[in-house]
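Here's the structure we're looking at; comments come further down.
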Amino acid sequence: MSATPENNLVILDDVLDDVTPLAKRSLIGMSRPQLGEELISIGVAEKQARMRAAQIWHWVYIRGASDFDQMLNLGKDLRATLNERFTIALPEVVTEQVSNDGTRKWLLRFPADGKVGAVEVETVYIPETERGTLCVSSQVGCSLTCTFCHTGTQKMVRNLTASEVLAQVLLARHRLKDFVGMEDDFDIVAPREGRKVSNIVMMGMGEPLFNYENVKQALLIALDEDGLNFSRRRVTVSTSGVVPAIYKLGEETRTMLAISLHATNDTLRDELVPINRKYPLDQLLDACRAYPGLSSARRITFEYVMLAGVNDSIADAHKMVELLSDIPAKINLIPFNPWPGSSYECSEWKQIEKFAAYLASKGLTAPIRTPRGRDILAACGQLKSESKKPSK
Ligand code: SAH
Ligand code: SF4
């Protein structure tokens, strides 16, 4: 393992191979039945397994416990066995950067767990007056290569496990002191009001719908009313357009959906968002129309990066109005965030405003997303880590 002095990042090339099959497994991210089975496997009586699983669930997801020794109602022997076999430790924070606008970016290191190697990913927290949004990663790197995206230049290393996806939420709530604490009251439900992390967006590194099962499992746990208790309307999955998985996401999680649109015709979208060659615009928009539960209060967000001279003309705005005419939609105009080596320029501010005004004049909600955390490379499309695939 080596650390580069200029950025203090730990390079994992040589530890990625170091997968210890005997490493303690994390209980974070297991469903309740899975948790029950694991408890039975370490000798908890079947009759008791459900109750014990519920107790552990409460400690981890409502209290924010990260150590079995905090779970005083489990009994000393059970705590000792749990300590031997499992872990609920949070990932290590390798670096924490705070932007001058209050945005926080954590580089997190996940140790090897069972069959998967150690990796690093970035997670971003964006505080606003009315809400606090956590931008969560789903993969290390990305297998897609959208031409304007920094993450797309990092070769895909691996999918994150459900445990690693969910642990980003737990870690952020820990760091921000966002849990109710360890008081001895077991009837409480995690309050939805007054949270520092009120919203989750799967908009960090990776394509969440290429890691569908793990992302689904993590989000269902985040939505659990006797646990983290996030509101469905405050959990959004963003996709570049993995059409078959959009149908599944709608049926199985009913979270909010965001689509990385970025172009209004197939020729340009094929170039900017190459997955369009597999699932072109008509198929993508059909999947959007079929997304369950849409209404004017539950709209699909279409993300649109503003690239100077590429996709920012009024003719593009006009085409967008046509394309989205029969979908409850809101547009998020994202000024392009540059990164080292990027080959685009952000549209002129005046042009972005003209574009937004045209959409608004046609009745489409189209706020311009203020870039957050640009100074620490925490803004949309700027995330990346140094993890690499182990060499054969
Ligand atoms: N892979 C998913 C989730 C990532 S979300 C997806 O593509 O939807 C990150 C959002 O930021 C996406 O809409 C992405 O297209 C956008 N983005 C990527 N690079 C960007 C950049 N350099 N500037 C602004 N937005 C960017
Ligand atoms: Fe991957 Fe999304 Fe970046 Fe495209 S925009 S390369 S899908 S992370």
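The values are calculated or read from the model by the stated rules, or taken from the named source; none is laboratory data. Bear in mind the structure is a predicted one, so any value in this text is a computation, not a measurement. Glycine also receives a Cβ, built like all others from the backbone with ideal geometry; neighbour counts cover every protein chain displayed. In case anyone asks, the SASA skips ligands and DNA or RNA and just uses the protein heavy atoms, side chains included. Shrake-Rupley method; radii C 1.70, N 1.55, O 1.52, S 1.80 Å.
Once you place label points 7 Å from the Cα toward the Cβ at residue 327 and residue 277, how far apart are they in nm?
About 2.2 nm separates the two model spin labels.
If the viscosity is 1.567 mPa s and the temperature 4 °C, what Stokes-Einstein diffusion coefficient in µm²/s follows for the chain when Rh is the Kirkwood radius over Cα pairs? Before the final figure, lay out the partial values.
Values: Rh = 22.0 Å.
D, rounded to a whole number, is 59 µm²/s.
With a probe of 1.4 Å, find how much accessible area the chain has per residue, and write the answer as a whole number in Å².
Details: 17560 Å² over 392 residues.
Heavy-atom SASA per residue in the chain reads 45 Å².
In square angstrom, rounded to the nearest 10, how much accessible surface does residue 316 have for a 1.4 Å probe?
20
Which percentage, to the nearest 5, of the DSSP beta bridges contained in the range 108-237 is antiparallel? Walk me through the intermediate numbers first.
Numbers: 10 of 16 bridges.
The answer is about 60 percent antiparallel.
Take the chain, connect every pair of alpha-carbon atoms lying under 10 Å apart with a spring to form a Gaussian network, then pick out the residue of 359, 171, 228 with the largest mean-square fluctuation.
359
If you restrict to DSSP beta bridges whose two residues both lie in the chain, what percentage is antiparallel, to the nearest 5?
Working: 25 of 49 bridges.
Of those bridges, close to 50 percent are antiparallel.
With +1 on the Cβ of every Lys and Arg and -1 on the Cβ of every Asp and Glu, and nothing else charged, how large is the dipole of the range 94-376 about its Cα centre, in debye rounded to the nearest 20? Don't jump to the answer; show the numbers that get you there.
On the way: 33 positive and 35 negative charges, 54 e Å.
For the range 94-376, the charge dipole is close to 260 debye.
Scan the range 76-140 for trypsin sites (Lys or Arg not before Pro) in coil per DSSP, keeping those whose Cβ has at most 13 other Cβ atoms within 10 Å, and list them by number.
Numbers: sites: 76, 79, 85, 104, 105, 109, 115, 131; in loops: 115, 131.
Sites meeting the loop and neighbour criteria: 115, 131.
Want the number for residue 225 to residue 67: 0.36 nm per residue separation, take away the alpha-carbon distance, what's left? Walk me through the numbers on the way to the answer.
Details: separation 158, 0.36 × 158 = 56.88 nm, distance 2.24 nm.
Separation in residues times 0.36 nm, less the Cα-Cα distance, equals 54.6 nm.
Starting from the range 298-388, pick out the GluC sites (Glu not before Pro) whose DSSP state is loop and whose Cβ has at most 14 other Cβ atoms within 10 Å.
Values: sites: 303, 322, 345, 348, 353, 386; in loops: 345, 348, 386.
Here the sparse-neighbourhood loop sites are 345, 348.
For the chain, can you list the cysteines whose C-beta has no other cysteine C-beta under 4.7 Å from it?
Isolated Cys, the chain: 135, 142, 288, 346, 380.
Give a quick list of GluC sites (Glu not before Pro) in the range 94-141 that DSSP marks as loop, anything other than H, G, I, E or B, with at most 11 other Cβ atoms within 10 Å. Walk me through the numbers on the way to the answer.
Values: sites: 96, 120, 122, 128, 130; in loops: 128, 130.
Those that pass, being in a loop and sparsely packed, are 130.
Starting from 0.36 nm per residue, how many nanometres of slack lie between residue 286 and residue 213 once their C-alpha separation is accounted for? Intermediate results must be reported in sequence, preceding the final value.
Details: separation 73, 0.36 × 73 = 26.28 nm, distance 2.25 nm.
Full extension of this stretch gives 24.0 nm more.
Per DSSP helix of 4 or more residues, -39500 (n - 2.57); summed, then divided by the residues of the chain. What does that give at 222 nm, rounded to the nearest 500?
Details: 10 runs with 107 residues, N = 392.
That comes out to -8000 deg cm²/dmol.
If you take the charge dipole of the chain about its Cα centre, with +1 on Lys and Arg Cβ and -1 on Asp and Glu Cβ, which of 367, 209, 57 is farthest toward its positive end?
367
Order the peptides 45-51, 231-237 from the highest to the lowest mean number of other Cβ atoms within 10 Å of their residues.
Highest mean packing first, the order is 231-237, 45-51.
Which of the listed residues, 318, 147, 42, is farthest toward the dipole's positive end in the chain, when Lys, Arg count +1 and Asp, Glu count -1 at the beta-carbon?
318
Semi-axes of the equivalent ellipsoid for the range 18-87, please: Cα gyration tensor eigenvalues, times 5, square-rooted, ordered largest first, whole Å.
On the way: eigenvalues 62, 41, 32 Å².
For the range 18-87, the ellipsoid semi-axes come out as 18, 14, 13 Å.
What three numbers, in Å, describe the spread of the alpha carbons of the range 274-392 along their principal axes, ordered from the longest?
48, 38, 27
Quick one: pull the percent of accessible area on the chain belonging to carbon and sulfur, 1.4 Å probe, ligands and nucleic acids left out.
On the way: 8890 of 17560 Å².
Summing carbon and sulfur atoms, their accessible area is 51 percent of the total for the chain.
How big is the gap, in Å, between the Cα center of the range 33-72 and the Cα center of the range 296-353?
Taking the Cα centre of each part, the range 33-72 and the range 296-353 sit 47 Å apart.
How large is the translational diffusion coefficient of the range 173-302 in µm² per second when you combine the Kirkwood radius over alpha carbon pairs with Stokes-Einstein at 20 °C and 1.002 mPa s?
On the way: Rh = 16.2 Å.
D, rounded to a whole number, is 132 µm²/s.
So how much accessible area does residue 72 have, in Å² to the nearest 10, using a 1.4 Å probe?
Per-residue accessible area (residue 72): approximately 130 Å².
Please list, ordered by chain and number, the residues whose modelled amide H lies under 5 Å from the amide H of residue 119; skip anything fewer than 5 residues away on the same chain.
The list, which skips near neighbours in sequence, is 110.
Scan around residue 103 for amide H atoms under 5 Å from its own, H built in the peptide plane at 1.01 Å from N, and keep only partners 5 or more places away or cross-chain.
Distant-sequence amide H within range of residue 103: 373.
Please report, in debye to the nearest 20, how large the charge dipole of the range 18-87 is about its Cα centre when each Lys and Arg carries +1 at its beta carbon and each Asp and Glu carries -1 there.
It works out to roughly 240 debye.
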